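Have a look at the structure below before the remarks.
Nothing in this text is a laboratory measurement; each read-out follows from the coordinates by a stated rule. As the structure is a prediction and not an experimental result, all values here were calculated from the model. Cβ placement follows ideal geometry from the backbone for every residue including glycine, while neighbour counts extend to all protein chains displayed.
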Amino acid sequence: MKKYKLGYKFKSEPIKFSQQNVIEYANASGDQNPIHINKEFASKTIFKETIAHGMMIGAFLGEIIFLEYKDKWLENGSIDIKFKAPIFMNEKIQAFAEVTNNENQIIKLNVSVIKNDGTEAIKGYATIKI
């Protein structure tokens with residue numbers, strides 16, 4: 001299948017997360033860190049404004065992998081990511097993935113989330129047993 005071949009690439013549509021999205025994620029996850037939900041607190045930090053939860057963006061990245069690999073991802077997938085830059089409210093981002101290895105029925109994907117200005121916000125890899 002094409003989606004298992006070396007060099008196969010896929011990506012998300014560009015997306016923005018609003019402050020309301022972040023508040024809803026904070027409530028669902030229990031992560032009430034004020035850097036994400038309190039504008040006054042965030043204004044006094046290095047970022048100067050609220051930022052999206054890293055794991056919320058990680059979940060977005062996981063979703064594009066799920067859309068491509070369905071049950072294989074749910075049954076056998078793993079992801080290892082590093083957070084490299086903050087994502088601010090209403091900042092356009094896009095997720096990317098590329099198959100970089102396919103051996104012994106395990107594929108490896110290089111994955112990333114890129115901000116509209118070209119900054120890499122998340123970088124890492126995912127593996128899926130196929």
**Item:** Hydrodynamic radius by Kirkwood, which averages 1/r over all alpha carbon pairs of segment 1-116, in angstrom
**Value:** 15.5
**Asked** For the chain, modelled as a Gaussian network with Cα springs under 10 Å, which listed residue fluctuates most, Glu24, Glu63, Glu91?
**Response** Glu24
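With +1 on each Lys and Arg Cβ and -1 on each Asp and Glu Cβ, how big is the dipole of the chain about its Cα centre, in debye rounded to the nearest 20?
Working: 18 positive and 15 negative charges, 77 e Å.
Roughly 380 debye, rounded to the nearest 20.
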**Request:** Report, in whole Å, the centroid distance computed from the Cα atoms of segment 1-22 and segment 41-97.
**Result:** 10
**Message:** Quick check: the angle from helix 54-76's long axis to the longest principal axis of the chain, C-alpha only, nearest 10 degrees?
**Reply:** 20
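With runs of 4+ DSSP H residues as the only contributors, calculate the mean residue ellipticity of the chain at 222 nm using -39,500 (n - 2.57) per run, divided by the residue total and rounded to the nearest 500.
Using -39500 (n - 2.57) per qualifying helix, the result is -10000 deg cm²/dmol.
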**Item:** Cross-link table Lys16/Lys44; Lys48/Lys70; Lys9/Lys84; Lys3/Lys82; Lys39/Lys70, entries beyond 31 Å C-alpha to C-alpha
**Value:** Lys48/Lys70; Lys39/Lys70
**Fill in**
Residues whose built amide H sits under 5 Å from the amide H of Asn101, excluding neighbours closer than 5 in sequence, are Lys108
**Complete:** Scoring segment 2-129 by relative contact order with C-alpha pairs under 8 Å, at least six apart, yields a percentage of 29
**Complete:** Which of Gly62, Gly118, Gly77 fluctuates most in a GNM of the chain (C-alpha springs under 10 Å)? That residue is Gly118
